[in-house]
Amino acid sequence: MTPEQFRLHGHRMIDWLAEYMTHIREYPVVSPSQPGELIDALPPSAPEHPEPMDNIFAGFQEQILPAITHWNHPRFHAFFSVSAAPEGILAELLTAGLNVNGMLWKSCPAATELEQVTTSWLRQWLGLPEDFFGMIHDTASTGVMHVLAAARQYADAPLADLVLYCSEHTHSSVEKAAATIGLTALQVRKIGVDPFFRMDPALLARAVQEDIVAGRRPFCVVATTGATPAASIDPVPAIADIAQRHALWLHVDAAYGGSAAIVEERRGVLAGAERAHSLIVNPHKWMLTPIDCSVLYTTRPEMLRAAFSLVPEFLRTADDPRALNLMEYSLPLGRRFRALKLWFVMRAWGRERIAAMIDDHCHWARELASWIEEHPDFEIAAPVELSLVCFRHRAGDAAGRRLLDAVNASGFAFLSHAVLDGRFVLRFAIGNYQTTRDDVRAVWDRIVALAA
Ligand code: PLP
């Protein structure tokens, strides 16, 4: 492709994306594609000869697009709702164009230093202490694997003795991370929750005590701010007391909920997190940054380095205290320039505008909860702490499942589910910058109509 052709096709694709953003509500949120349909529609092997861009782009529109579930859609309310702001999309384009690998400071000073700058800016927005060292991973799942490896290093005890604590509502990525560092399922203790789905600190204290008496080595506890099933917020200050008493590494999973601390009046969501050894927040969830961008903070970066630094001769560079080689703090050698999109988003939106969006989402969630409470056929299933509303149909689980299937099949909106207290609930998450109060109302009206 010549630079002129690149310009031509680039303009066409930006035009297409601009139209896509403008008319995104016209797309079905959930792809109607059937399993295997796209595979069957595409040739079984790659082309032998070059194909024109026009054909490839036509293939994108005709074949790929129908199999897209539109995560950027303002009525995508499943899981935790996300969005990619246009500024972040443009930064991704630049990132791909530059194609740098930020494994070492020397391999790309901008990638390394902008990561330090953006994570420091975000740390200030979240009200976290200055000694929180930040780095960017693709996902919170990757980040927590690194956290557990650092915590294992910190414990300095035989692997077989270690015990990790989390709650019944902790994200499954923590168990996966535990398995990855070599813990068995028996070494992960899931602590019970209170009636509002928050980890019960008394049960945690008892479990830790039992393990100590049995000769095991409690080494880490994971608390969550905005847990996946119902967005419950664990009592981090009480958990931090227990962690401190027993020299446990305290990790706070704030992948979703942490962003709420950008709103000054909501800073309380991270109460106690200043005592954590590590914390993860995902700007790719509620902070407009295109997937993937997950920030891992730790007050003990030297533990990450102890776990992951292995520098072969060909990667050795001159020592300079300001030249950080991030590959020494994580498993991957190659590092994408993820900080650029975060920088674009933070600058283009500013704290105030992001905070206003998050605050709106939390208010609309409460308003939605009030409509649900007023309706005789529905009930709220969990406190609405942030921008997630869990509710159930009073006719029971089967009716709830049918309703969820009907909403998602309608193409109008996408909701997901959880099981709380053994009962099926629908989850309605708000988190997209294009979502309006009218969207939330329209989806609720559609739910009511379909239920009827
Ligand atoms: N932690 C929480 C609370 C989550 O809700 C999620 C995903 O939704 C994760 C961790 C995992 O995030 P990621 O997809 O970045 O691995």
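The values are calculated or read from the model by the stated rules, or taken from the named source; none is laboratory data. The shown structure was predicted, so the numbers you read here are calculated from the model rather than taken from an experiment. All Cβ positions, even for glycine, are placed from backbone atoms using ideal geometry, and neighbour counts span all protein chains on display. For accessibility, only protein heavy atoms count, side chains too; no ligands or nucleic acids. Shrake-Rupley method; radii C 1.70, N 1.55, O 1.52, S 1.80 Å.
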May I ask for the Rg/Rh ratio of the stretch 223-300, computed from Cα atoms with Rh as the Kirkwood radius, given to two decimals?
-> 0.98
Assuming a viscosity of 0.692 mPa s and a temperature of 37 °C, what translational diffusion coefficient in µm² per second does Stokes-Einstein assign to the chain, Rh being the Kirkwood radius over Cα pairs?
-> 139 µm²/s
Could you give P(r) for the stretch 132-189, binned at 10 Å from zero, as whole percent values over all Cα-Cα pairs?
-> 22, 55, 22, 1
So for Met53, Met357, what's the accessible-area order with a 1.4 Å probe, most first?
-> Met53, Met357
Could you give the alpha-carbon Rg of the stretch 26-71 over 2.2 N^0.38 Å, rounded to two decimals?
-> 1.31
Run the quick spin-label model on Lys106 and Asn55: label points 7 Å from Cα toward the beta carbon, then report their separation in nm to one decimal.
-> 4.5 nm
In whole angstrom, the spacing between the Cα centers of the stretch 6-21 and the stretch 235-293 equals 38 Å
Partners for Lys106 among lysines (Cα-Cα distance below 22 Å; same-chain residues under 8 apart left out) = Lys341
For the chain, what does -39500 (n - 2.57) per DSSP helix run (n ≥ 4), summed and divided by total residues, give at 222 nm, in deg cm²/dmol to the nearest 500?
-> -13500 deg cm²/dmol
Per residue, the convex hull volume that the Cα atoms of the stretch 265-369 enclose (Å³) = 152 Å³
Descending semi-axes in whole angstrom, ellipsoid equivalent of the stretch 306-423, from the Cα gyration tensor = 47, 21, 14
State in Å² the accessible area per residue of the stretch 212-335; use a 1.4 Å probe, count heavy atoms of protein chains only, and round to the nearest integer.
-> 37 Å²
Would you kindly calculate the mean projected area, averaged across all directions, of the convex hull enclosing the Cα atoms of the stretch 51-149, in square nanometres?
-> 10.2 nm²
Residues in the stretch 222-243, backbone N under 18 Å from the label point at Ala157 (7 Å along the Cα-to-beta-carbon vector): list them, ranges by number please.
-> 222-223, 240-243
10 Å binning of all Cα-Cα separations within the stretch 263-319, expressed as whole percents from 0 upward | 17, 32, 31, 15, 5, 0
With every protein chain in place, the chain: carbon and sulfur % of accessible area (1.4 Å) = 55 percent
What does the charge dipole of the stretch 369-435 about its Cα centre add up to, to the nearest 20 debye, if the Cβ of each Lys and Arg holds +1 and the Cβ of each Asp and Glu holds -1?
-> 220 debye
